[in-house]
Amino acid sequence: MNRVLVIAEHDQGHLKLATFAAAGFAQKVCAASGGTFDFLLLGSGLTAAAEDLRKSGAGAVLTADSPELAQPLADRYAKVIADTAKARAATLVVAAASTFSKDILPRAAGLLDAGMLSDVIDVRGEGDDLTFRRVMFAGNVIATVQLDGAIKCVAVRSAAFTAPAATAALSPVEAVAVDAAALPKFAEFINRETKVSARPDATEARIIVSGGRALKNAADFERLVGGLADLLGAAVGSSRALVDSGITPNSLQIGQTGKVVAPDLYFALGISGAIQHMAGMKDTKVIAAINKDPDAPIFEIADYGLVADVYEAVPELMQKLKT
Amino acid sequence: MKILVPLKRVPDPDTKIRVKPDGSGIETDGVKFAVNPFDSIALEEALRLREKIGTGEIVVVTIGGEECAEQLRTGLAMGADRAILAKSATALDSLAVAKVLAAVYKKEQPALVLMGKQAIDDDSNQAGQMLAALLGIGQITFVSKLELTDGHQRARCSRETDAGIENLTISLPAVLTADLRLNEPRYVSLPGIMKAKKKPLEELTPESLGVNAVSRTRILKLERPAGRKAGVRVKTVDELITKLRHEAKVL
């Protein structure tokens, strides 16, 4: 029987939608081989976020609430996760793939002497005989993998799993005791350089407008990519080339080493389609590409391709969408 | 300051990856191998730290077969002083790799471990964090800026997260994992290659290090994902809007 612990991710108390996809994965595991799942929410001042987790069919919503956990520092968080997993005799610790979980979950796995799989997109089998499917080589290979050990850690791609249906019954909220003095304090948080943006997060948006090398500067990116995004209520994304040249911030990067997204519609504006970029967006439902190079690799995966200069096509597109 | 830099042998990032017909692995015939790009960035940062301090030793380490000596020589040619090859006939998963690296760490007692945030073959992004956990030391992942402070007792780092840049300090020793924009690694020079031939390369085994490196993950099969096929070319912006609205129904 599985006892699954789903690590909830939030941004200043706002739950990430990906957390519910991770719960969907946990439910799928429990349906295949029995058991229940709990959420574990870490942070400081968690009442509202905990409330939002109560309708997803979890056995319990565990909260580790302490001022010492106000920032997601890996040394502290991993210890609380590992201690809770041990105390609850968890068999599986799950999180949605993100920079948060990539930092913290492998450290917890190390503390638990647990094997771990990253970027899991499916689970198959039944009983104790489960196999997982995960993405490797920048999305060019899918591996079917077995994971041994009494406790396992898994980070899942949120686009691959559906959130649990809302339940009428509410999961109980239980506080996990945090011994602040016993937390490791190797790292100290200074600050976070976040740009306040009214636009949705690319990992949660239905439409993403993404720009590449054809955009010559930050003002053009904002006018064309940002402008089209705002018209559609979409998120913005960027290729690595623009981040490397300082035109866009790293938090916008889509790709093998950036965010992995799977929206309903992805506008690739002036993006050539490097392998590492396509690794981050090729599970999109519909890809529309505009690029003046007719041989750009992006056209090999785009549902709709327009060979045109983004500086001409995008203003026209915006004009016509407004009318 | 002694810095330990683990390097991994991976297919060159520009290689097209092909899966063997029986799904047992990837085709390696004719494939060029390279140092994992993020590991090169980590090594470059170690070299720059030493140049700044003016003194120190940089030890590169890898785990694998005899063929991995090639990547260690590349590391030595870039400027590392010594290399360690922990020989393993089988591929190890991240936890097993972290256990071997932890044993090397205990033997070498470096002040800092700098490594890539992920290897571009398995894309796991785990080994550094697991190593830090096993050693009971701190970690900063996805480092894009690094500076030593407090008489080299601490480091101040910027790290790239989904929410933007985060700034932290950490006590040393620690494991720091390099992200893309930490630096641009230098090219290997011809004199560097000549010098590298004379630098020491020590061979060890997990057994000689006292490590039982058992992988908990077992790959059963590899396959290509269902490919996306190219769609249609539209000729005008109007046609694009019509298709997105009425055919794909996503606008």
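Structure notes:
- One residue alone among B:Ile84, B:Ile26 is surrounded by fewer than 20 Cβ atoms within 10 Å (Cβ to Cβ) and in contact with a strand residue (DSSP E or B) (Cβ under 7 Å, 6 or more places away or on another chain), and that residue is B:Ile26.
- Any pair with Cβ under 6 angstrom, 6 or more apart, that starts in segment B:72-92 at a residue that is over 18 Å from B:Lys107 (Cα atoms) and ends at one that is surrounded by fewer than 21 Cβ atoms within 10 Å (Cβ to Cβ) and hydroxyl-bearing (Ser, Thr, Tyr): B:Leu92/B:Ser215
- Residue match in segment B:65-75 (condition: buried (at least 19 other Cβ atoms within 10 Å of the Cβ), in contact with a helix residue (DSSP H, G or I) (Cβ under 7 Å, 6 or more places away or on another chain) and more than 21 Å from A:Pro184 (Cβ to Cβ)): yes
- Annotation: A:Ser238 fulfils all but one of (1) within 19 Å of A:Ile121 (Cβ to Cβ); (2) polar (S, T, N, Q); (3) at pLDDT 95 or above; the unmet one is (1).
- Residue in segment B:124-142 that is over 25 Å from A:Glu188 (Cβ atoms), assigned to a loop (DSSP other than H, G, I, E, B) and at the interface with chain A (Cβ under 9 Å from one of its Cβ atoms) present: yes
- Residue in segment A:279-297 that is within 24 Å of A:Thr194 (Cβ to Cβ), out of contact with any Asp or Glu (no Cβ under 8 Å at 6 or more places or on another chain) and not charged (D, E, K, R) present: yes
- Single residue of A:Leu130, A:Leu112, A:Leu147 found to be within 29 Å of B:Arg154 (Cβ to Cβ) and aliphatic (A, V, I, L, M): A:Leu112
- Subset of segment B:7-26 [closer than 21 Å to B:Ile63 by Cα and either in contact with a Pro (Cβ under 6 Å, 6 or more places away or on another chain) or within 11 Å of chain A (Cβ to nearest Cβ) (or both)]: B:Val10, B:Pro11, B:Pro13, B:Gly25, B:Ile26
- Single condition A:Leu40 does not satisfy, out of (1) buried (at least 23 other Cβ atoms within 10 Å of the Cβ); (2) over 22 Å from A:Ile151 (Cβ atoms): (2)
- Residue list for segment A:207-256, filter: more than 12 Å from chain B (Cβ to nearest Cβ) and among the charged types (D, E, K, R): A:Arg213, A:Lys216, A:Asp220, A:Glu222, A:Arg223, A:Asp230
- Restricting attention to segment B:186-217 and to residues that are under 21 Å from the mean Cα position of the chain (by Cα) and within 30 Å of A:Ile142 (Cα to Cα), the residue that is surrounded by the most Cβ atoms within 10 Å (Cβ to Cβ) turns out to be B:Thr217.
- Subset of segment A:204-234 (residues that are within 16 Å of A:Asn250 (Cβ to Cβ) and surrounded by fewer than 24 Cβ atoms within 10 Å (Cβ to Cβ)): A:Ala218, A:Phe221
- Matching residues, segment B:168-190, being modelled with pLDDT of 95 or more and assigned to a helix (DSSP H, G or I): B:Leu182, B:Leu190
- Taking the criterion of being of a type in the set (S, T, N, Q) and in contact with a Leu (Cβ under 8 Å, 6 or more places away or on another chain), the residues of segment A:233-251 that qualify are A:Ser238, A:Thr248.
- Residue match in segment B:147-154 (condition: in contact with a Cys (Cβ under 8 Å, 6 or more places away or on another chain), without any contact (Cβ under 8 Å) to a residue 60 or more places away in the chain and assigned to a strand (DSSP E or B)): yes
Residue-wise test of (1) at the interface with chain A (Cβ under 7 Å from one of its Cβ atoms); (2) touching a residue at least 40 places away in the same chain (Cβ under 8 Å).
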| site | (1), (2) |
| --- | --- |
| B:Lys145 | no, no |
| B:Ile165 | yes, no |
| B:Glu184 | no, yes |
| B:Ser189 | no, yes |
| B:Arg228 | yes, no |
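- Across segment A:287-323, the qualifying residues are those that are buried (at least 19 other Cβ atoms within 10 Å of the Cβ) and under 20 Å from A:Asp230 (Cβ atoms), and the one among them that is farthest from the other protein chains (Cβ to nearest Cβ) is A:Val310.
The rows are residues; the columns are (1) surrounded by fewer than 20 Cβ atoms within 10 Å (Cβ to Cβ); (2) touching a helix residue (DSSP H, G or I) at 6+ places or on another chain (Cβ under 8 Å); (3) touching a residue at least 60 places away in the same chain (Cβ under 8 Å).
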{"site": "A:Leu117", "(1), (2), (3)": "no, no, no"}
{"site": "A:Val123", "(1), (2), (3)": "no, yes, yes"}
{"site": "A:Gly139", "(1), (2), (3)": "no, yes, yes"}
{"site": "A:Ala150", "(1), (2), (3)": "yes, no, no"}
{"site": "A:Cys153", "(1), (2), (3)": "no, yes, yes"}
{"site": "A:Ala163", "(1), (2), (3)": "yes, yes, yes"}
{"site": "A:Pro172", "(1), (2), (3)": "yes, no, yes"}
{"site": "A:Val178", "(1), (2), (3)": "no, yes, yes"}
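- Across segment A:147-182, the qualifying residues are those that are under 23 Å from the mean Cα position of the chain (by Cα) and assigned to a strand (DSSP E or B), and the one among them that is farthest from the other protein chains (Cβ to nearest Cβ) is A:Val156.
- Residues in segment A:83-99 that are more than 7 Å from chain B (Cβ to nearest Cβ) and either within 19 Å of B:Ala96 (Cβ to Cβ) or under 18 Å from the mean Cα position of the chain (by Cα) (or both): A:Val93, A:Val94, A:Ala95, A:Ala96, A:Ala97.
- Selection count, segment A:278-313, where residues are in a loop (DSSP other than H, G, I, E, B) and either β-branched (Val, Ile, Thr) or closer than 19 Å to A:Ile254 by Cα (or both): 11
- Set B:Ala103, B:Ala119, B:Ala34: member being under 30 Å from A:Val154 (Cβ atoms), buried (at least 18 other Cβ atoms within 10 Å of the Cβ) and more than 18 Å from the chain's Cα centre (by Cα): B:Ala103
The values are calculated or read from the model by the stated rules, or taken from the named source; none is laboratory data. Everything numeric here is computed off the predicted structure, so don't read it as measured data. Note: ideal-geometry Cβ built from the backbone for every residue, glycine included; neighbour counts use all protein chains shown.
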